[in-house]
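Reading through the structure tokens given below for one structure.
The values are calculated or read from the model by the stated rules, or taken from the named source; none is laboratory data. Every value quoted in this text rests on a predicted model; they were computed, and no experiment measured them. FYI the Cβ positions are ideal-geometry reconstructions off the backbone, even for glycines, and counts take in every protein chain you see. When the accessible area is computed, the model is the full protein with side chains, heavy atoms only, and any ligands, DNA or RNA have been set aside. Shrake-Rupley method; radii C 1.70, N 1.55, O 1.52, S 1.80 Å.
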Amino acid sequence: MQAFTRNYEDNSTEAGFQFTFYCDCCGDGFKSSFIESETYKKGKGIRALSQGASVLGSLGSGLLGNAGWAADRAGDILGDRFSNASPEWQKEHEKAFQMAINEAERHFHRCPACQQYVCDTDWNEDEGMCINCAPRQEVAVAKARAEAMKRNIEEKAQNATVWQGDLESKTTICQQCGKPAGTGKFCNNCGASLALNVCPKCGAQNAQAVSFCNNCGTSMTAPASANCPSCGNENPPGTKFCGGCGTALG
């Protein structure tokens, strides 16, 4: 027996006959109408076919991946299954198979480009080919538009600013003990002051371990000179009276 397509499965049992034909494109199957065996009803059918149905059931999953090999293998298994069948049952089986072919052929089309048999869903009636060889125009356009829209969304998302936070670290390291000091005014570990030093010249705030001002470069460790509040004269550190006008420098 030879079907119009090799991608099929024989679901027959001793009680009757049924076949499933698969689409080479999507894998969907069409199951023929069940035909009861007259031989079985008369008690002359085979009694060892019930196990064969489960064997073919597991084989069915491999039919789509390698239809040629699977069909040959299915023929071997079917031959083993039906080897004990009576001649009457065999004739019924062949007749039922031909009826199933005639029933299923109305639901399949053979693509002239790839020679595959496909179901109505995968057949482009306008071009006379399967949708793999000749995709439907409206479907192809809709798919292309959807893919383009997805790319545009992803590109837009890449350039979108969704967070305005500060990436700088806020961890303060104590200059005395070298450990994270916390966010208070004194170190959580040693109690050292975390207050910033003020530059004596420009007034900029600097960390305690800084030796020179980050703003003007003035030494943060040398004693600060005193400017006279009256005449503005700069006096050496430790001077009590202005050398320019004699005003007390406190």
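Numbers below:
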{"item": "Residue in the stretch 154-183 that is most open to solvent (accessible area, probe 1.4 Å), counting only those that are hydrophobic (A, V, I, L, M, F, W, C) and either closer than 27 Å to Asn206 by Cβ or modelled with pLDDT of 90 or more (or both)", "result": "Leu167"}
{"item": "Looking only at the stretch 190-206, and only at residues there that are assigned to a loop (DSSP other than H, G, I, E, B) and surrounded by fewer than 14 Cβ atoms within 10 Å (Cβ to Cβ), the one that is modelled with the highest pLDDT", "result": "Cys190"}
{"item": "Residue count for the stretch 207-239, restricted to those that are part of a loop (DSSP other than H, G, I, E, B), at pLDDT below 80 and more than 30 Å from Thr172 (Cα to Cα)", "result": "5"}
{"item": "Filter result for Ala134 (outside any helix (DSSP H, G or I) and over 22 Å from Gly29 (Cβ atoms))", "result": "yes"}
